[in-house]
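What follows is a set of notes on a single structure, which appears directly below.
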Amino acid sequence: MATSIPCMVKHSRIYALFFQSLFILPAAHANQWDWVPRESLPAEQQAQLGRYCQGSYIDQWKSPNSEDTNLKADLIYRDENGVVHLNGAAEIIQPTSSLQADNIEGVPDKYYKTDGNVILRQKGQMIRGSSGYVSNSTDSPTEFVDAKFINLESGQRGAAKSLLRSKNGIIFIHQGYYTTCEPTEESWQLYGTAIELNPQEGFGTAENVQIRIHDVPVFYFPWLRFPLNNARQTGFLFPTFGVSGSKGISVSAPFYWNIAPNYDATITPNYIQEEGSGFDLELRHLGDYDETTFEQSTFEDNDEGEQIVRKFKTDLTFNKYFSSGLLLEDNPTEDKYPDANTTSIGEEDNYERSGYLSFNNGNFSSKATVRRYQTPDPDEDKPFEWLPRIESSYRYATGLFDYSVDMQYTDFNNPDPDVTDDDDNFDGQRTVLNQDLSLSFSNAWGSFTPGVLIQNRDYSIHDYTDDSDYDTSLNHVSTYFDTKTVFERSITNGDKTWRQTLEPRLSFLDSPYTDQTDIVDFDASTSVMSYSQAFSHERFSGNDRIGDTRQFTLGVESRLYDENNNERWAFKLGQIQYLKDRFVSTSGDTDSDTPVDDDSTSPLLGSVTYTGSDRFSLTANANYDIGGRDTTLTQVIVKLKPVDEVKVNLSYLYSIDNDDEDDDTNQSNIGTIFPINQNWSMFLQHTYDFFDNRSTKEVAGLGYENCCVKVSASYQHWLNDDSEFESGFFLQFTLRSLSSPGAKDNSTSSIADEYWNEGKVGY
């Protein structure tokens, strides 16, 4: 039997109001919930699915053409009390919703009672139950028994012994669960004796809650707050775990506090079984003009006592021209560093305290900086402080003419002068003026750029050895020219046309010798020799040494461009030809009769790079001393993806002849990530030091990922900064739509971090 009751259209708000708040979930049998497996979807929809997702919800709800309310049942009647009864295959169809059950009875404008195989539907939403009570009263909630529910658009679903909806749209679940996993993959459930879902606020809370992984309880919380959408919500982020033979079990459990739209905080308790416990704090503020962060890591070590580091950083932008900032780092616990630390503050010899004010309008910029340091270890040398540094730069360029000028004034303060050490017994003021003037003549086949570099230095120095003051200066003029010719041809790569260039380069630099014995060294350093450095117009970095040289640099470059004019390959080879010895070094007296370098040529400098393919990338550099028949630098970094989802990272570094032999390196590294099947992956890493003939890092791990969970478990063995070996077992996981990965302990990095990828899909 069926009938149409136009006057009952207004009663559709009973269902519409309910579904506006029921933005959530179904479970159980997939075919009951408009679920379509991946292989049954059209190719276009399959392409839109996430990498690990096994299907999609396809909403089968169709709105009726009629604006009337239609009643269907085997028997329909109204009793003497005005109660409408629908018995047998009962259904109420309205323009925006439908209600089905074995039996329905109720009073229009007040309530409906349902019994047996209850299904309540609206576009994108569905609920099933054994019985229900739909109320239109502001005093009585809507209730379903043995309910299962879903939001087809978000994939949020769950079940409840009893489900209630209050007049303000809040959902109450008694003895039920919540998940966003696909119905074919019950990876996680949030099960609680009492769960409250607030769609307007975008969060849920649960009492006596268990986090179940494949129906196995893994966490228990007396109370838990969790997000229902992507908005920032106060609540626990999921913890990270580690197990070490020397440290025992370690746990970090971050808690995120959404204080206000422009304030938030993350509090992370840390526990290491054999060492102690502590917590990390991060506070953030975003204002109209500033971004401010405060961090602190505190750890109570069983042996060393309290360990603290903290950091305050703010950057202010007043307008498009002016900005300022402040950085305050601190370690109040002398020469101690927290063993568990998830903040951005690393272990340092010197902690910076600085502030700046800057102006920038494009061609002209200026900046004033004050910088000091806190040095926890009294045995460490304290670096020079800036009290202050003022620097300005200006550039004017046309197609032919290029002029740039840089000025810098620094008041260097030595906070701990050592009168017994000639390298650390002075401070003072330094004024720097660098001017670079060049002309550029170029066309399609080449360029020629002559120039002059004018460098002026003025010093006022205080010497603590004899408590004396003196002034000195340095004025220097270098000349140079750079020239390049470009030859080009087309080559065929299969059915595509690529472009190859051949670019011979020649550079000349004449930087005369100037005695710099009286010039102290605040910040001079030797630049690493490479192909690009060979064409530089300065031998040293910093402003305290002007390197003397007369040299030609010969180079040749070849580049390959694909059919879209993207650079794929770049080959570079060059060498410096010295016309005179060099007499200036970064330290010590300069003597025109005693060269510090009398080689007539530099090593042969080579470089190869490949970019543009997700299957293969290469960076390689090599320096070869022809006269000494010796390699001083070999660096190779290769990233391979031979087949989909397989990654191989290879690197090798051999570097000697550095200023400090402790910086010499001879080390190889191999890391790989490869899938075992659709969801499981394995990752391995091995790093070997050929100088010490030992492995310095070993990693082996497994990862699992599907549409709603990601897990990484690894064993790692590594050499720490104190040249001591550590090892441990590490577990990371995230439950998508429920948790986010917490901050990472910055003590080590490995192939496990590349797989984890901050919890994002894939690696």
Semi-axes of the stretch 189-228 from the Cα gyration tensor (sqrt of 5 times each eigenvalue, largest first, whole Å) come to 19, 10, 7
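Net charge near R395: determine it from the other residues with C-beta under 13 Å of the C-beta of R395, scoring Lys and Arg +1 and Asp and Glu -1.
Values: positive: none; negative: D402, D406, D436.
Here the count lands on -3.
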Neighbours of L190 by Cβ distance under 14 Å: Lys/Arg at +1, Asp/Glu at -1, summed charge 0
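Can you sort F583, F236 by 1.4 Å-probe accessible area, starting with the largest? Mind showing how you got there, number by number?
Values: F583 30, F236 85 Å².
Accessible-area ranking of F583, F236, largest first: F236, F583.
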Sorted largest first, the Cα spans of the stretch 556-628 on the principal axes come out in Å as 56, 23, 22
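Once a ≥ b ≥ c are taken as the square roots of the eigenvalues of the Cα gyration tensor of the stretch 340-450, is the result rounded (a/c under 1.5), prolate (a/b larger than b/c) or oblate (a/b not larger than b/c)?
On the way: a/c = 2.51, a/b = 2.05, b/c = 1.22.
Prolate, since a/c reaches 1.5 and a/b exceeds b/c.
Starting from the Cα-Cα distance between E503 and S651, subtract it from 0.36 nm times their residue separation and give me the gain in nm to one decimal. Before the final figure, lay out the partial values.
Numbers: separation 148, 0.36 × 148 = 53.28 nm, distance 2.85 nm.
Length gained between E503 and S651: 50.4 nm.
Work out how much length T594 to F255 would gain on full extension: take 0.36 nm times their residue separation and subtract the Cα-Cα distance, in nm to one decimal.
Working: separation 339, 0.36 × 339 = 122.04 nm, distance 6.39 nm.
Result: 115.7 nm gained on full extension.
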Taking a crude spin-label model, label points 7 Å out from Cα along the C-beta direction, the S468 to D625 distance in nm is 3.8
Amide H proximity to N270 below 5 Å, modelled H, separation 5+ or other chain, gives G278, F279, D280
Going residue by residue through the stretch 390-398, the Karplus relation 6.51 cos²θ - 1.76 cosθ + 1.60 with θ = phi - 60° gives ³J(HN,Hα) values, rounded to whole Hz and with x marking Gly or Pro, of 10, 9, 9, 9, 9, 9, 10, 9, 10
The size of the Cβ-based charge dipole (Lys, Arg +1; Asp, Glu -1) of the stretch 623-747 about the Cα centre, to the nearest 20 debye, is 1220
The whole-number value in µm²/s of the Stokes-Einstein translational diffusion coefficient for the stretch 251-357, with Rh from the Kirkwood sum over alpha carbon pairs at 20 °C and 1.002 mPa s, is 143
In debye to the nearest 20, the charge dipole size for the stretch 124-245, taken about the Cα centre with +1 at each Lys and Arg Cβ and -1 at each Asp and Glu Cβ, equals 120
Computed from the beta carbon distance with a Förster radius of 25 Å, FRET efficiency for Y220 and A713 to the nearest 0.05 stands at 0.70
Sparse-neighbourhood loop hits (GluC sites (Glu not before Pro), the stretch 158-248; DSSP loop; Cβ within 10 Å at most 15 others) -> E201
So, relative contact order of the stretch 204-318 in percent, Cα under 8 Å, 6 or more apart, is 14
The Cα radius of gyration of the chain, divided by 2.2 N^0.38 Å with N its residue count, comes to 1.29
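Pulled fully out, how much extra length does the chain show between L400 and T483, if you take 0.36 nm times their separation in residues and subtract their Cα-Cα distance?
Working: separation 83, 0.36 × 83 = 29.88 nm, distance 1.45 nm.
Gain on extension, L400 to T483, equals 28.4 nm.
Taking a 1.4 Å probe, which of C707, C53 shows the most accessible area, and what order do the others take after it? Each step should come with its number before you reach the end.
Numbers: C707 40, C53 20 Å².
From most accessible down to least: C707, C53.
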Amide H proximity to L152 below 5 Å, modelled H, separation 5+ or other chain, gives Q125, M126
Straight-line reach check, K161, cutoff 13 Å on alpha carbons, 8 or more apart in-chain or any other chain, hits among aspartates and glutamates -> E143, D146
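Which GluC sites (Glu not before Pro) in the stretch 554-649 pass both tests, a DSSP loop state and at most 12 other beta-carbon atoms within 10 Å?
Details: sites: E557, E563, E567, E645; in loops: E563, E645.
Within the stretch 554-649, the qualifying GluC sites (Glu not before Pro) (loop, at most 12 other Cβ atoms within 10 Å) are E563.
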In whole Hz, the Karplus estimates of ³J(HN,Hα) for the stretch 98-114 (6.51, -1.76, 1.60; θ = phi - 60°; x where Gly or Pro) are 9, 10, 10, 5, 5, 9, 9, 9, x, 10, x, 6, 10, 6, 9, 9, 10
With +1 at each Lys and Arg Cβ and -1 at each Asp and Glu Cβ, the charge dipole magnitude of the chain around its Cα centre, to the nearest 20 debye, comes out at 6320
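As a test of reading the structure, rank K148, K311 by solvent-accessible area (1.4 Å probe, protein chains only), most first. Walk me through the numbers on the way to the answer.
Details: K148 80, K311 40 Å².
From most exposed to least exposed: K148, K311.
In the neighborhood of T205, defined by Cβ-to-Cβ distances under 11 Å, what is the net charge if each Lys or Arg adds +1 and each Asp or Glu adds -1? Provide the component values of the computation, followed by the final result.
Details: positive: R225; negative: E196, E201, E207.
Combined, the nearby Lys, Arg, Asp and Glu give -2.
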Which residues qualify? For L237, with a placed amide H closer than 5 Å and at least 5 residues away or on another chain, they are F255, Y256
For the chain, whose charge dipole is built from +1 on Lys and Arg Cβ atoms and -1 on Asp and Glu Cβ atoms, the candidate among W680, F364, N262 with its Cα farthest towards the positive end is W680
Rounded to one decimal in nm, the spacing of the 7 Å Cα→Cβ label points at N168 and D59 is 2.8
Under a 1.4 Å probe, counting only protein heavy atoms, S277 has an accessible area in Å², nearest 10, of 60
Quick calc: nm separation of the 7 Å Cα→Cβ label points for S587 and Y77 -> 10.7
The ³J(HN,Hα) series, computed from each phi in the stretch 279-292 with the Karplus coefficients 6.51, -1.76 and 1.60 at θ = phi - 60°, rounded to the nearest Hz and given as x for glycine or proline, is 8, 10, 9, 10, 10, 10, 9, 10, x, 5, 10, 9, 10, 10
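For the chain, what relative contact order do you get, as a whole percent, if you take Cα pairs closer than 8 Å and at least 6 residues apart? Show your work: numbers first, answer last.
Values: 2046 pairs, mean separation 48.0, N = 763.
This gives 6 percent for the chain.
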Of the convex hull enclosing the alpha-carbon atoms of the stretch 492-581, the direction-averaged projected area in nm² is 7.5
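Once you keep just the Cα pairs under 8 angstrom separated by 6 or more residues, what percentage relative contact order results for the stretch 556-627? Don't skip to the answer; put the middle values down first.
On the way: 128 pairs, mean separation 20.2, N = 72.
RCO, the stretch 556-627: 28 percent.
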Per the charge dipole of the chain (beta-carbon charges, Lys/Arg positive, Asp/Glu negative, Cα centre), the residue among N81, Y337, T472 reaching farthest to the positive end is N81
Pairs over 21 Å Cα to Cα, from K647/K760; K313/K760; K382/K697; K311/K760; K113/K148; K110/K148, come to K313/K760; K382/K697; K311/K760; K110/K148
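For the chain, what does -39500 (n - 2.57) per DSSP helix run (n ≥ 4), summed and divided by total residues, give at 222 nm, in deg cm²/dmol to the nearest 500? It would help to have the intermediate numbers written out before the result.
Numbers: 4 runs with 25 residues, N = 763.
It lands at -1000 deg cm²/dmol.
The values are calculated or read from the model by the stated rules, or taken from the named source; none is laboratory data. Note that the structure is predicted; figures quoted are calculated from it, not measured. Note that each Cβ is placed from the backbone with ideal geometry, even for glycine, and that neighbours are counted across all protein chains shown. Each accessible area value is taken on the protein alone, full model and side chains, heavy atoms only, with ligands, DNA and RNA left out. Shrake-Rupley method; radii C 1.70, N 1.55, O 1.52, S 1.80 Å.
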